[in-house]
Amino acid sequence: MVVMAGYVASGTPTGTERDGGRGPMTLATAGDLTGYLGPVLEGWNRDHPAEKVTLVELPDSADETRSQMITDLRSGGGRFDVLNIDVAWTSEFAAAGWIAPLERDRFALESFLPRVTDTATYDGRLYAVPYVTNAGMLFYRKDVLDREGERPPRTWAELERQARTIAPKYGLGGYAGQFLPYEGLTVNAAEAVYSAGGTILGDDGERVTVDSAAARSGIGFLARGVRDGWIPREALTYKEEESRQAFQDGRLLFLRNWPYTWAGASGKDSEVAGKFGAVPLPGPDGPGTSVLGGANLAVSSHARHPESARDLIAYLTSEPVQRRVLTEGALPPVRAALYEDPALVSRFPYLPALRTSVLSAAPRPKSPHYEQVSLAVQAVVHDALAQHQTPEAAVRRLADELAAITRRR
Ligand code: GLC
């Protein structure tokens, strides 16, 4: 059952009753890494002087943002009206009653890429509206591979060979992703497991499916990279931003990261501007599987002005703003037509590869216990990468931990 604590328990009239649900509001989001959101919201504020939105920027890291949002929502809310939540959190926030169900016909869901709306639904209802999507890609040093007469890798074996043999010749680290224990490592580990054909939990979110040859091979691939040195040990401390910095400082041959990397790595202070490319992630025998990332906009159950909040979400998912999400924010929009707009494709040459990656991306395990599931994945996989445990033992331990978590109800 969904408990609408904010509406009933407090006994105080909601914004809807007092003022038609319209008035000023806040929008809470994880760090706006490209600084585009302020100007986008100014556009709204100019046209809606009585419904102004104030941007509340939380930390860059998904985990810290989640915990700040939850602290506020648990205590009865108040600071955040509209929440830009990671796609991985919709079920948890909806199940806890922190976000309010939304009316499908108020938003342009039919114009979005297929399946992104699945990440915004829980128990058959819409609890958020897709705002940005995301898929991991492989960024590579095109200048270096061209000089070597090589093409970007499509398989793990090619990636490993190039990272082992070419990177050291140029004084570069071979390959990195986000390997610090936090949500980013869950993503990287899931991509390795999915690419090898495995899964972590069954579709019911309860059955533990991780104890497989595929999972051992996926985690083994990453652990071997660290052991053999073609994944620099420093990558065990990387989140998105540290890894992007390493790539754009010219310290890595290959980086798995989200597409926003393109903007920074093309910038004035980048050592690799014009010298890199991006392709779908490799897998064991051909292209691998990315995890579906991104963020959905939700209305807090305690929102002071829920009608304004819904209109703001419609504005942020409108075509003109979605275009700016890409052109100014360097983030993957959810509107499908933008990926085939010739002017955008010539300006952002990675768009077709990104579209392919998003369309074939796989969601993270869906579970109301998602946080514990993710924490277990991070801890165990980090131990395997740090060579504290063999991939075989790590996968077995993960299966046991997940079984304990999903049994706990
Ligand atoms: C990006 C993705 C998000 C993911 C996070 C992990 O922000 O869009 O879905 O959870 O990275 O660090």
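For this structure, a couple of remarks:
- Pairs of Lys in the chain closer than 24 Å at Cα, counting only those 8 or more apart or on different chains: 8
- Taking each residue as 0.36 nm, the span from Leu344 to Lys142 lengthens on full extension beyond its C-alpha to C-alpha distance by 70.6 nm.
- Computed over the alpha-carbon pairs of region 266-409, the distance histogram in 5 Å steps reads 2, 7, 11, 12, 14, 15, 13, 12, 9, 4, 1 percent, short to long.
- Size check on region 200-331: the Cα extents along the three principal axes, sorted descending, read 56, 49, 27 Å.
- Taking all pairs of distinct alpha-carbon atoms in region 71-164, Kirkwood radius in angstrom: 16.8 Å
- The length gained by stretching the chain between Arg74 and Arg227 to full extension, at 0.36 nm per residue less their Cα-Cα distance, is 50.8 nm.
- The sum of -39500 (n - 2.57) across all DSSP H runs of n ≥ 4, divided by the residue count of the chain, sets its helix-only mean residue ellipticity at 222 nm to -12000 deg cm²/dmol.
- Part-to-part distance (alpha-carbon centres) for region 86-154 and region 235-269, which is given in Å: 21 Å
- The smallest convex shape that holds all Cα atoms of the chain, its convex hull, gives 128 Å³ per residue.
- In loop segments of region 192-233 as defined by DSSP, the trypsin sites (Lys or Arg not before Pro) with at most 12 further C-beta atoms inside 10 Å of their C-beta are Arg207.
- In degrees, nearest ten, helix 37-47 long axis to first principal axis of the chain (Cα): 20 degrees
All of the numbers you see were taken from the coordinates with simple rules; none came from a lab. Quick caveat, the model's predicted, so the values are computed rather than measured. So basically every Cβ, Gly included, is an ideal-geometry build from the backbone, and we count neighbours across all protein chains shown.
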